[in-house]
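For reference, the structure is listed below as structure tokens.
The values are calculated or read from the model by the stated rules, or taken from the named source; none is laboratory data. Remember, it's a predicted structure, so these values are computed and weren't measured experimentally. Cβ atoms come from the backbone with ideal geometry, glycine included; neighbour counts cover every protein chain shown. The area values use the complete protein model at the heavy-atom level, side chains included, leaving out ligands, DNA and RNA. Shrake-Rupley method; radii C 1.70, N 1.55, O 1.52, S 1.80 Å.
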Amino acid sequence: MREVAVIAYAQTPMTRDAGAQNEVELIMQVVHQALDEVKLNQTDIDFTCSGSCDYLQGVTFAFVDGLNAVSSVPPINESHVEMDAAWALYESWLKIQMEEADVALVYGFGKSSPGELRSIMTLQLDPYYLAPLWPDSVSLAALQAKAMIDNKMITEESMAKVVKRSRKNAKSNPNSQLSGDFSIGDLLSEPIFVSPLRKHDCSPITDGASAIILATKEKALSLCRNPAFITSIDHRVETAQFGYRNLTSSPSIQKSSEVINLSDYSIDAAELHAPFSHQELLLIKELQLNEEVSINKSGGVLAGNIMMSAGLDRIGSMFNLIKSGKVRTGLAHATSGPCLQQNMLIIMESKNE
Amino acid sequence: MSEEKILEFEAPIYFKYSYTAGKTTTSFLNSIKKGKLVGQKCPKCRGVYVPPRGSCPKDGVATEEEIELPDIGTVESFTINYLPIPGGAVDPPYVSANIILDGADLAFMHIVDGIDHSEVRVGMRVKAHWKPKNEWKASLENIAYFQPIDEPDLPLNHLSDEKNA
């Protein structure tokens with residue numbers, strides 16, 4: 001295996017509505033910021049990979065238009081996933097393992113403000129039996145939360161605690177969309193949105209983009225003072241047949257934890273991609289994270305959720321913690337699909353003595 | 001009793017979007033509303049793009065400097081369409097051409113007319129034939145088509161040389 005590290009990360013401010021800025025304008029900012037951070041040009045990049053969803057923009061091949069943000073003359077080696085850009089990072093990691101690249105640029109972007117996000121997410125469901133009934137993303141998450149509450153795994157209060165911590169942590173994240181100090185009482189007095197979820201249990205609708213640069217060990221050490229090495233990475237998907245799943249557990253997380261030998265690591269911090277408060281509690285349980293692990297220092301996606309980039313942002317946020325020396329060994333998690341259907345786990349480590 | 005074969009079912013999808021053209025396209029559309037073709041120049045390679053997309057496809061950097069271009073250019077390539085396109089605005093046969101405006105580095109597609117189709121050729125000099133002013137809106141359709149002007153054709157190598165320079 002080749003040793004691969006994250007060496008740069010950039011993110012636009014997460015906003016409810018980026019207004020007249022289009023996707024290309026959002027991507028361009030972060031791609032240049034990430035390249036500048038390690039003093040590279042697009043010609044130094046061996047492989048470029050992006051993650052986005054054309055339905056968000058409502059334009060076919062919108063992801064191709066996104067390439068106007070990167071220099072593609074002379075022609076570049078490029079790919080795209082119609083998924084969260086965390087999976088674009090996975091593809092880039094594979095390219096590096098295959099020795100087809102030493103340095104890779106990954107970016108993700110999503111402007112959710114122009115469309116009807118809750119319904120657009122329905123299009124990722126089974127098109128024969130489920131999607132024609134139009135269950136929206138919040139309602140599906142609510143089914144999961146209800147099942148967890150009825151199983152006595154969580155309470156509305158424990159969900160509110162997740163929100164409280166997210167908003168508090170987000171105060172020190174300059175890009176966050178939602179932050180502040182709230183008491184559990186404040187939060188529980190908010191009206192129910194989709195039972196049992198309150199609005200603050202759901203990640204917000206966000207516009208933005210982010211970019212990460214990956215490199216082999218040799219390149220990483222010459223370009224970055226404290227790269228975050230990807231020690232272990234795995235992703236698993238559960239069935240698309242919603243009714244077959246037990247929503248109160250996550251077999252994909254359990255399996256991936258085993259594969260990456262999670263229990264062998266002493267994890268200082270975790271960045272979890274939980275678009276709904278109850279999902280963070282499920283993740284903590286399935287990952288068996290103890291109370292000493294600091295969770296979502298960035299605020300997590302409840303503080304800002306760039307659709308199709310929020311998973312990549314977990315990896316980027318963990319990179320920030322490692323680069324600054326605050327964390328030695330961290331866990332980043334990304335998810336995709338309804339109710340944590342697909343999950344990726346990444347162990348990231350500093351190699352500095 | 002044999003089962004009826006289900007060959008299709010309807011699952012209609014409707015979505016509403018509030019589309020944002022972006023800073024650059026908004027500026028271009030506001031100019032063409034007034035009958036002006038305004039492109040943008042790359043700060044690195046000095047390439048000029050019309051219609052501008054806000055970034056240089058070569059360098060991947062933002063283009064901000066605006067430059068007004070004439071409505072005169074050259075046919076870089078063309079084809080004659082004989083098949084109707086569902087919902088198409090123009091009845092066939094018609095000529096679609098890649099036209100590169102004088103001073104621009106990127107061609108865009110438009111229609112060539114006002115000439116017998118068999119006489120259209122690569123290198124032919126053309127000028128915009130604008131619709132009547134009262135029909136102008138924020139669209140490239142304000143130009144009905146490009147028509148030939150009385151100027152000698154540009155040699156083919158001139159077109160490609162400029163681009164590769």
Restricting the stretch A:110-122 to residues that are open to solvent by 10 Å² or more (accessible area, probe 1.4 Å) and more than 9 Å from chain B (Cβ to nearest Cβ), which is farthest from A:A85 (Cα to Cα)?
A:R118
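If only one of A:V31, A:V70, A:V64 is over 19 Å from the mean Cα position of the chain (by Cα), within 13 Å of another protein chain (Cβ to nearest Cβ) and buried (at least 24 other Cβ atoms within 10 Å of the Cβ), which one is it?
From the options A:V31, A:V70, A:V64, the qualifying one is A:V70.
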Which of the residues belonging to the stretch A:123-142 are in a helix (DSSP H, G or I) and either surrounded by fewer than 15 Cβ atoms within 10 Å (Cβ to Cβ) or in contact with an Asp or Glu (Cβ under 8 Å, 6 or more places away or on another chain) (or both)?
A:L123, A:L133
For A:Y90, state whether it is surrounded by fewer than 20 Cβ atoms within 10 Å (Cβ to Cβ) and within 28 Å of A:E238 (Cα to Cα).
no
A:K255 passes all but one of the listed conditions (1) more than 30 Å from A:L178 (Cβ to Cβ); (2) outside any helix (DSSP H, G or I); (3) in contact with a strand residue (DSSP E or B) (Cβ under 8 Å, 6 or more places away or on another chain); the exception is number (2)
When A:I322 is evaluated against the numbered criteria (1) under 12 Å from the mean Cα position of the chain (by Cα); (2) part of a helix (DSSP H, G or I); (3) among the hydrophobic types (A, V, I, L, M, F, W, C), which criterion, by number, is the only one it fails?
(1)
Taking the residues in the stretch B:44-69 that are open to solvent by 10 Å² or more (accessible area, probe 1.4 Å) and in contact (Cβ under 8 Å) with a residue 40 or more places away in the chain as candidates, determine which candidate is nearest to the other protein chains (Cβ to nearest Cβ).
B:P57
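Hey, can you tell me all the residues within the stretch B:100-116 that are open to solvent by less than 20 Å² (accessible area, probe 1.4 Å) and more than 11 Å from B:Q147 (Cα to Cα)?
B:I100, B:L101, B:A104, B:F108
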If you scan the stretch A:2-39, which residues turn out to be among the polar types (S, T, N, Q) and either part of a helix (DSSP H, G or I) or over 16 Å from A:I306 (Cα atoms) (or both)?
A:Q29, A:Q33
In the stretch A:263-292, how many are of a type in the set (F, W, Y) and more than 19 Å from A:S336 (Cα to Cα)?
1
Scan the stretch A:243-282 for residues that are more than 18 Å from A:N169 (Cβ to Cβ) and among the aliphatic types (A, V, I, L, M) and jot them down.
A:L247, A:I253, A:V259, A:I260, A:L262, A:L282
Can you report the number of residues in the stretch A:166-196 which are assigned to a helix (DSSP H, G or I) and buried (at least 18 other Cβ atoms within 10 Å of the Cβ)?
5
Could you grab the pairs with beta carbons closer than 6 Å, sequence gap of 6+ or different chains, first residue in the stretch A:231-254 and among the aliphatic types (A, V, I, L, M), second one surrounded by 14 or more Cβ atoms within 10 Å (Cβ to Cβ) and assigned to a helix (DSSP H, G or I)?
A:L247/A:Q144; A:L247/A:A147; A:I253/A:E286
Looking at this structure, is A:E286 free of Cβ contacts under 8 Å to residues at least 12 places away in the same chain, on the phi < 0 side of the Ramachandran plot and surrounded by fewer than 24 Cβ atoms within 10 Å (Cβ to Cβ)?
no
Starting from the stretch B:13-38, take each residue that is facing chain A (nearest Cβ under 10 Å) and list its partners that are open to solvent by 50 Å² or more (accessible area, probe 1.4 Å) and of a type in the set (G, A, S), counting only C-beta distances under 8 angstrom and pairs at least six apart or across chains.
B:T20/A:A20; B:A21/A:A20; B:G22/A:A20; B:K23/A:A20; B:T26/A:A20
A:D17 is checked against (1) touching a Cys at 6+ places or on another chain (Cβ under 9 Å); (2) surrounded by fewer than 19 Cβ atoms within 10 Å (Cβ to Cβ); (3) within 14 Å of another protein chain (Cβ to nearest Cβ); (4) in contact (Cβ under 8 Å) with a residue 40 or more places away in the chain and fails just one. What number does that condition carry?
(1)
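Here's the yes/no breakdown for (1) of a type outside the set (G, A, S); (2) within 30 Å of A:G115 (Cα to Cα):
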residue: B:S2; (1), (2): no, no
residue: B:I6; (1), (2): yes, no
residue: B:F15; (1), (2): yes, yes
residue: B:Y19; (1), (2): yes, yes
residue: B:S27; (1), (2): no, yes
residue: B:N30; (1), (2): yes, yes
residue: B:K34; (1), (2): yes, no
residue: B:L37; (1), (2): yes, no
residue: B:G47; (1), (2): no, no
Please determine whether any residue of the stretch A:312-335 is open to solvent by less than 20 Å² (accessible area, probe 1.4 Å), touching a Leu at 6+ places or on another chain (Cβ under 8 Å) and of a type in the set (D, E).
no
Out of A:K152, A:K199, A:K217, sole residue that is of a type outside the set (A, V, I, L, M), under 24 Å from A:G110 (Cα atoms) and surrounded by fewer than 16 Cβ atoms within 10 Å (Cβ to Cβ)
A:K199
On the basis of being buried (at least 20 other Cβ atoms within 10 Å of the Cβ) and under 20 Å from A:D54 (Cβ atoms), does A:L105 make the cut?
no
